[in-house]
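The values are calculated or read from the model by the stated rules, or taken from the named source; none is laboratory data. These numbers come from a predicted model, not from an experiment. Cβ placement follows ideal geometry from the backbone for every residue including glycine, while neighbour counts extend to all protein chains displayed. Areas reflect the complete protein model, heavy atoms only, side chains present, ligands, DNA and RNA absent. Shrake-Rupley method; radii C 1.70, N 1.55, O 1.52, S 1.80 Å.
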Amino acid sequence: ANGSAVTVKMASDGMWQGENPLDFALPLLALQVAVILVITQGLALALKPLHQPRVVAEILGGILLGPSALGRWGAFRRTLFPAWSAAALDTVSGLGLLLFLFLVGLELDFRSVRRVGPRSVAIAAAGIAPPFLAAAGLVPLLDVAVPAPRRASFLPLCVFVGAALSVTALPVLACILKELSLLGVPFGDTAMAAAAVNDVFAWVLLALALAVSGGGGGEPKGPPLAPVYILASGAAFVAFMLGALRPLMARLARRLGPDRAGDLACTGAVACALLAGAATDAIGVHPVFGAFVFGLAMPREGGLAERAGEKVAPLVSGLMLPLYFATSGLHTDIDNVRGVAAWGMVALVVAVAIGGKFAGTFAVAAGTGMPRREAAALGVAMSAKGLVELIVLNIGKERKVLDDTTFAIFVIMALTTTVLATPFMTALYRRTPTATTPESDDVELKGGDACPA
């Protein structure tokens with residue numbers, strides 16, 4: 001097995017028979033996973049005194065192992081991360097992402113979102129609108145600052161850039177609030193409620209980005225109305241999952257009873273989540289969307305969804321999801337960001353991501369009675385990025401909407417905004433009694449899922 005081979009064997013016959021195990025898929029993958037976990041865990045421990053969420057360590061670990069740092073050393077790259085091994089590592093990390101999105105769907109309860117109150121909805125909408133709309137002005141500047149040939153048309157690029165700028169990472173925000181002991185206080189409740197609504201908006205934006213990007217950023221594929229067909233098919237898929245499959249699963253769970261239904265919950269739910277992912281991929285939407293919608297469709301009655309989540313979560317959040325973040329870092333080559341114009345674009349993107357979020361959130365929060373200092377801290381908190389941001393960027397790169405340099409610029413933006421969130425919130429927020437009241441007791445931190453993502 002070598003870099004030019006058409007096929008790669010799974011395992012070697014051993015070094016005693018003259019074969020290098022690192023020329024074979026399984027031993028190389030095992031070593032890659034072990035190295036990634038050790039590096040990212042070490043960085044997480046180093047950054048813990050700074051109260052940084054673990055996602056920062058995982059992305060930095062990937063960047064450290066990738067072409068921006070250790071990957072410059074040719075022997076290291078050829079030995080540990082040869083080009084032919086990328087597909088296997090990406091597939092494993094993508095499977096972890098798909099299962100994590102299934103867990104996100106399981107934990108997102110629309111009844112909780114409906115009860116958070118109009119103020120949280122207004123805060124979330126005000127935080128999304130300015131940076132999303134600013135994308136239309138950033139895209140022409142990207143063409144000037146990054147003159148690489150771009151295969152994507154204006155609309156898909158605008159939607160992907162707008163989605164990347166405007167999302168807030170609910171799990172990362174929850175981790176930051178937990179580190180600062182702000183969960184359970186009025187400020188933390190308001191921030192979590194607004195971020196939960198933001199999450200719903202984010203998935204709508206991602207679905208829109210997937211639809212308008214079609215099969216990629218190059219020449220259009222299929223009929224001219226393909227994006228319309230994709231949107232219509234996606235809407236029909238969601239309607240079937242929530243309107244037909246969910247009641248059917250609830251009836252089946254009641255008929256089987258809690259014991260027998262619990263036995264089937266994990267295996268059946270994972271199999272159906274994978275099938276849902278395959279179905280949305282066939283439609284033209286990314287597989288993660290199907291797994292997410294199936295998670296939403298799982299009935300909450302009888303603890304069925306909770307049991308499935310308890311069995312799947314440890315493997316996904318402890319092993320597979322960190323691989324996804326690390327592979328995002330591995331695909332980031334900061335050397336692509338060259339020159340004053342490109343780094344000026346990085347500064348502008350960071351400023352728009354933070355400034356747009358801050359301005360909209362602060363204006364609505366202060367206007368609805370929140371003390372100005374808390375409103376400013378909330379504006380900073382809503383700038384934290386994480387999972388959804390990286391999903392948007394990676395899918396944009398897969399579909400040739402984002403080139404390598406633009407991808408690197410936005411990964412740097414995601415890291416910067418997340419790193420700055422904790423110290424800025426610490427400086428702005430003071431734990432003093434205020435008249436701010438929580439709007440909901442339903443939005444809460446989900447155990448071990450908060451800090452990894």
Q. Does L296 count as part of a helix (DSSP H, G or I), of a type in the set (A, V, I, L, M, F, W, C), in contact (Cβ under 8 Å) with a residue 40 or more places away in the chain and under 22 Å from L275 (Cβ atoms)?
A. yes
(Q) Any residue that is touching a residue at least 24 places away in the same chain (Cβ under 8 Å), within 13 Å of L378 (Cα to Cα) and either surrounded by 21 or more Cβ atoms within 10 Å (Cβ to Cβ) or among the hydroxyl-bearing types (S, T, Y) (or both) - is there at least one of those in the stretch 157-167? (A) no
(Q) V401 - would you say it is surrounded by 20 or more Cβ atoms within 10 Å (Cβ to Cβ), outside any helix (DSSP H, G or I) and either out of contact with any strand residue (DSSP E or B) (no Cβ under 8 Å at 6 or more places or on another chain) or not hydroxyl-bearing (S, T, Y) (or both)? (A) yes
Q: Mind listing just one residue for me: the one in the stretch 356-389 that is free of Cβ contacts under 8 Å to residues at least 60 places away in the same chain and within 30 Å of A326 (Cβ to Cβ) and, of those, most open to solvent (accessible area, probe 1.4 Å)?
A: F358
Q | Residue under evaluation L50, criteria (1) open to solvent by less than 70 Å² (accessible area, probe 1.4 Å); (2) touching a Ser or Thr at 6+ places or on another chain (Cβ under 8 Å), criterion not met | A | (1)
**Q.** Failed item in (1) within 22 Å of the chain's Cα centre (by Cα); (2) assigned to a loop (DSSP other than H, G, I, E, B); (3) farther than 30 Å from L428 by Cα, with K311 passing the rest
**A.** (2)
Q: Can you give me the number of residues within the stretch 69-87 that are within 22 Å of the chain's Cα centre (by Cα) and surrounded by 16 or more Cβ atoms within 10 Å (Cβ to Cβ)?
A: 0
Q | Tabulated pairs, the stretch 390-419, first under 16 Å from T327 (Cα atoms) and in contact (Cβ under 8 Å) with a residue 24 or more places away in the chain, second of a type in the set (K, R) and open to solvent by 30 Å² or more (accessible area, probe 1.4 Å), C-beta under 6 angstrom, 6+ apart or interchain | A | F407/K397
Q) For the stretch 285-339, what are the residues that are closer than 23 Å to L205 by Cα, of a type in the set (A, V, I, L, M, F, W, C) and open to solvent by 20 Å² or more (accessible area, probe 1.4 Å)? A) F289
Q) Picking from G396, G303, which residue would you name as being in a helix (DSSP H, G or I) and on the phi < 0 side of the Ramachandran plot? A) G396
Q.
Being at pLDDT below 85, of a type in the set (G, A, S), buried (at least 18 other Cβ atoms within 10 Å of the Cβ) and out of contact with any strand residue (DSSP E or B) (no Cβ under 8 Å at 6 or more places or on another chain): is that true of S12 here?
A. yes
Q: Could you figure out which of (1) open to solvent by 60 Å² or more (accessible area, probe 1.4 Å); (2) over 22 Å from the mean Cα position of the chain (by Cα); (3) at pLDDT 75 or above isn't true of K221?
A: (3)
**Q.** Filtered residues of the stretch 269-284 (kept if in contact (Cβ under 8 Å) with a residue 60 or more places away in the chain and open to solvent by 10 Å² or more (accessible area, probe 1.4 Å))
**A.** V270, L274, G284
Q) Taking the stretch 43-85 as the region of interest, how many residues are hydroxyl-bearing (S, T, Y) and outside any helix (DSSP H, G or I)? A) 1
